[in-house]
Amino acid sequence: MASKLVRRSEEETEAAKDLNYLSKFPTYNVDDSHEHIIEFRSSGSAEALVSLVLNSPTQCYKQAAEESIKLFLYPNIRSMPKLIRKHCVRLVLVFCESLYSEDKHGDQHPLYYSCRKTLDTIRKLYPFVRELAKSLCRGLYKFRESSHTKVHTSLRLSIENDVQLLTFFSRYVIRAIEDHVILKGQSLPLDMDDDIFEQPCYLGEILFLENMYDDLNLEFIQCLAEVKGNVWYGRFFDHTPTWPSYLSVLRELKKFSKIFLNYEKDLLIQVSKYQYQMDILIKLSKRSDDLLWLLPYKNLINPISRDYLLMKMFPGVKLDFEKQHKMLIDRSQILTESFKPLSLATSKSLRCGLSVEFRNEEAVGYGVLREWFFVICQELFDPKGSLFLACPSDPPVVPRELNYFAFAGRVIALALMHEVQVGITFDPVFFYQLAGGVISLEDI
């Protein structure tokens with residue numbers, strides 16, 4: 001109990017420092033305000049304020065934290081300069097996510113609804129997306145110009161913040177344009193010479209979106225072209241923190257390119273000229289990065305990078321010799337004896353590693369595991385079996401065999417996680433679906 005009180009007191013002390021920090025907010029200086037907000041966000045102060053609102057037993061601290069959060073909410077946010085208002089949106093998103101309660105029977109905190117209203121209000125302001133795009137272009141330009149010096153952390157955070165916000169708000173802008181076009185009896189993509197532009201509604205927004213796309217596309221291609229030069233001059237590790245953001249920028253460009261006729265095709269042609277740079281960006285990406293959208297575009301990356309990208313989409317194996325799943329298998333009954341222990345194993349235990357031993361054999365280790373994968377896959381895909389037949393006619397499905405299909409899927413997934421070749425060739429569509437993609441009849 002005493003330790004909890006001490007910890008709570010420490011949290012309140014830190015939150016009090018956050019409140020004091022907010023009181024020094026330089027409202028009328030755009031540059032200082034930008035630095036102030038970035039430092040406030042990166043320090044985890046937003047989460048500390050929410051924790052204070054939800055958990056503090058001291059009413060004065062709770063009330064002060066609520067008032068501090070409201071500084072970033074509607075209508076108070078309207079008093080901030082437009083150039084720094086966008087940096088507050090990320091804070092509002094953090095507030096919204098932290099305040100949300102998954103209790104189906106309980107009510108949400110009133111501040112949660114205020115956060116939602118603030119996001120909805122900003123979403124309706126179309127110029128906000130324009131400011132985001134311009135800010136992102138300026139950030140990419142500054143980053144490109146600073147290729148011979150060390151990039152400041154604030155610039156990197158600013159670019160990442162702009163990309164995140166553009167990703168969040170672009171979906172609403174594109175959806176609004178799509179709804180408008182459908183309402184006028186048209187469909188995407190739009191031809192710039194089409195009569196759709198004689199309609200007054202959304203005319204300025206659609207034309208501006210084209211200009212915004214052109215500016216961002218030009219800056220992105222210039223940044224992409226210089227990735228190779230930086231590597232050749234031995235600065236591979238100096239500027240990598242911002243490079244992975246390039247793929248996120250490309251993803252947003254691809255979304256906007258679908259609005260206008262032939263823009264997506266032109267974008268892919270441009271990017272395909274920099275396959276080497278794309279390979280570098282993929283190798284620098286993290287496992288948590290969303291790169292699934294790249295898979296259908298075979299001309300953008302080479303086969304090696306495509307395989308590397310696929311492998312990063314599967315959960316990594318975290319070896320824990322104490323918690324890894326162990327199996328003792330009779331080689332003569334490998335399929336039967338592997339089925340039950342592997343089917344009953346939890347996903348968590350399998351991610352800790354897999355250890356296989358053959359009964360009456362002394363060999364252990366990775367070589368035995370690799371042999372087990374190879375032999376069991378040969379058994380599963382044996383044409384003489386009833387699970388997978390190499391013939392055009394479909395055999396009748398036996399109910400008890402459905403469990404074996406699930407077992408086969410688990411074996412394949414484990415082989416991919418452990419990077420073991422099993423001698424079976426799969427269609428690329430299989431990997432695309434396994435990685436979470438949505439396939440169609442045309443893909444098959």
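The values are calculated or read from the model by the stated rules, or taken from the named source; none is laboratory data. As the structure is a prediction and not an experimental result, all values here were calculated from the model. A quick note on method: Cβ atoms are made from the backbone with ideal geometry, for glycine too, and the neighbour counts reach across all protein chains shown.
Table: residues versus (1) without any contact (Cβ under 8 Å) to a residue 12 or more places away in the chain; (2) assigned to a helix (DSSP H, G or I); (3) outside the structural domain of VAL89 (by the TED database).
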site: LEU140; (1), (2), (3): no, yes, yes
site: ARG156; (1), (2), (3): no, yes, yes
site: ILE159; (1), (2), (3): no, yes, yes
site: VAL163; (1), (2), (3): no, yes, yes
site: LEU166; (1), (2), (3): no, yes, yes
site: SER170; (1), (2), (3): no, yes, yes
site: ASP179; (1), (2), (3): yes, yes, yes
site: ILE182; (1), (2), (3): yes, yes, yes
site: GLY185; (1), (2), (3): yes, no, yes
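Among the residues of segment 406-444, those identified as at pLDDT 80 or above and assigned to a helix (DSSP H, G or I) are ALA406, PHE407, ALA408, GLY409, ARG410, VAL411, ILE412, ALA413, LEU414, ALA415, LEU416, MET417. Every test in (1) within 27 Å of LEU291 (Cβ to Cβ); (2) outside any loop (DSSP other than H, G, I, E, B); (3) modelled with pLDDT under 80 is passed by ARG400 save one, and that test is (1). I'd like to check something: does segment 223-242 contain any residue that is within 18 Å of GLN164 (Cα to Cα), buried (at least 20 other Cβ atoms within 10 Å of the Cβ), within 23 Å of the chain's Cα centre (by Cα) and at pLDDT 70 or above? No: zero hits. Which ones in segment 298-313 are loosely packed, with under 15 Cβ neighbours inside 10 Å and under 22 Å from CYS223 (Cβ atoms)? Result: ASN299, single match. For segment 279-299, filtered to residues that are touching a residue at least 40 places away in the same chain (Cβ under 8 Å) and in a helix (DSSP H, G or I), the residue that is farthest from VAL163 (Cα to Cα) is ILE280. Test of understanding: among SER332, SER355, which residue is modelled with pLDDT of 80 or more, small (Gly, Ala, Ser) and in a helix (DSSP H, G or I)? Selected residue: SER332, the only one of SER332, SER355 that is modelled with pLDDT of 80 or more, small (Gly, Ala, Ser) and in a helix (DSSP H, G or I). Of all the criteria given as (1) of a type in the set (S, T, N, Q); (2) at pLDDT 80 or above; (3) surrounded by 14 or more Cβ atoms within 10 Å (Cβ to Cβ), the one not satisfied by SER43 is (2).
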